[in-house]
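Where a number appears in this text, it was derived from the coordinates with a stated rule and is not lab data. If you're wondering where the values come from, they're calculated on a predicted model, not measured in any experiment. Ideal geometry is used to build each Cβ from the backbone, glycine not excepted, and the neighbour counts take in all protein chains shown.
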Amino acid sequence: MTETKSEADSPAPASDVAAGLAEVRAGIRQAAQDSARAPGSIHLVAVSKTVPAAGILPALEAGQRLFGENYVQETRAKWPALRERYPDVELHLIGPLQSNKAREAVELFDVIHSLDRLSLAAALAKEIARAGRAPKLLIQVNTGDEPQKGGISPAQVDVLIAECRDTHGLAINGLMCIPPADDPPSAHFALLARIAGRHNLPILSMGMSADYPAAIQLGATHVRVGTAIFGARPRKG
Ligand SMILES: *Cc1c(COP(=O)(O)O)cnc(C)c1O
């Protein structure tokens, strides 16, 4: 992205958000058509991390209801007020989750995409039982086996799925991946789809701004798109 920090620091104008959203919706319809899939089988998760409430409102006004956030604290600060106005919003946690935030995550989110270890499964199971509220759970797979990235290795995912179910009684609803930045993503999407297929998992969370059409070709049910809707994010730090 070529935008300077000062441009990216303020939210994109409402008209830009509406236009970005319309473009992504059209892109999803096109990719669905290209692969003979029903457009309704593909869900757009609008990734609103770092976007202030004022920047999210135009997307809500345009009918968008599924949103992805990376941080528990940011979600707690931003979403309760928005949710009062739009009670049918569905919040997806797509960032890494620390076990000590499991309670808040279970309270705030409808879908958690980043379950990647047994200790976190244990923490989530405990909080789900306590809250009497069960977000859908996806296991994040580190398809590129990148050391710095969250997610379970493809070699260990079968065991983790079994242990989540058998040891903690957790229903696993699907899988999520973030392909390595420098790899063509399709091989990673195909791998994730194969793992989901052999476990009969219905949700496949894959594809972002740069590659969601390819992910849809390979079976994505949920694409997570931020930049193409809300514009470039401010740089970290
Ligand atoms: C930020 C983020 C996205 C959205 O990425 P864009 O390139 O802005 O579309 C999707 N998934 C995850 C896990 C993210 O952290």
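The mean sequence distance of close C-alpha pairs (under 8 Å, at least 6 residues apart), as a share of the length of the chain, puts its relative contact order at 23 percent. Look at the alpha carbon pairs under 8 Å that are at least 6 residues apart: their mean separation over the length of the stretch 136-230 gives a relative contact order of 23 percent. With springs only between Cα atoms under 10 Å apart, run a GNM on the chain and tell me which of 22, 171, 129 wobbles the most. Of the options given, 129 has the highest mean-square fluctuation.
Placing +1 on each Lys and Arg Cβ and -1 on each Asp and Glu Cβ, with no other charges, gives the chain a dipole about its Cα centre of roughly 460 debye.
List, in order, the whole-Hz ³J(HN,Hα) value for each residue of the stretch 26-36 obtained from phi through the Karplus relation with A = 6.51, B = -1.76, C = 1.60 and θ = phi - 60°; use x for Gly and Pro. So the J values, rounded to whole Hz, are 5, x, 5, 4, 5, 5, 5, 4, 4, 10, 6. The share of alpha-carbon pairs in the stretch 24-149 lying farther apart than 18 Å comes to 58%. Looking at the chain, the pairs of alpha carbons with a distance over 27 Å make up 33% of the total. In order along the stretch 83-94, the phi-based Karplus estimate (6.51 cos²θ - 1.76 cosθ + 1.60, θ = phi - 60°) of 3J(HN,Hα) comes to 5, 5, 7, 10, x, 8, 5, 10, 9, 10, 8, 10 Hz; Gly and Pro are listed as x. Taking Lys and Arg as +1 and Asp and Glu as -1, the other residues whose beta-carbon sits under 13 Å from that of residue 152 total -3.
The stretch 14-31 and the stretch 112-186 have Cα centres lying 30 Å from one another.
Near residue 92: Cβ cut-off under 13 Å, other residues only, Lys/Arg at +1 and Asp/Glu at -1. The net charge is +1.
Computed from the C-beta positions of residue 181 and residue 100 and an R0 of 41 Å, the FRET efficiency is 0.90 to the nearest 0.05. Residues of the stretch 162-206 with an amide N closer than 18 Å to a point placed 7 Å from the Cα of residue 118 along the Cα-to-Cβ direction: 162-172. What does the net charge come to around residue 22 if you take all other residues with beta carbon closer than 14 Å to its beta carbon, with K and R at +1 and D and E at -1? Once all neighbours under 14 Å are counted, the net charge is -1.
When the stretch 5-229 is described by a simple charge dipole with +1 on each Lys and Arg Cβ and -1 on each Asp and Glu Cβ, the residue from 125, 112, 86 located farthest towards its positive end is 125. Counting 0.36 nm for each residue step from residue 83 to residue 54 and taking away their Cα separation leaves a gain of 9.1 nm. Between the amide H of residue 43 and those of 222, 223, distances stay under 5 Å, these residues lying 5 or more places away or on another chain, with hydrogens modeled in the peptide plane. Estimated from helices alone, the mean residue ellipticity of the chain at 222 nm is -13000 deg cm²/dmol (sum of -39500 (n - 2.57) over DSSP H runs with n ≥ 4, per residue).
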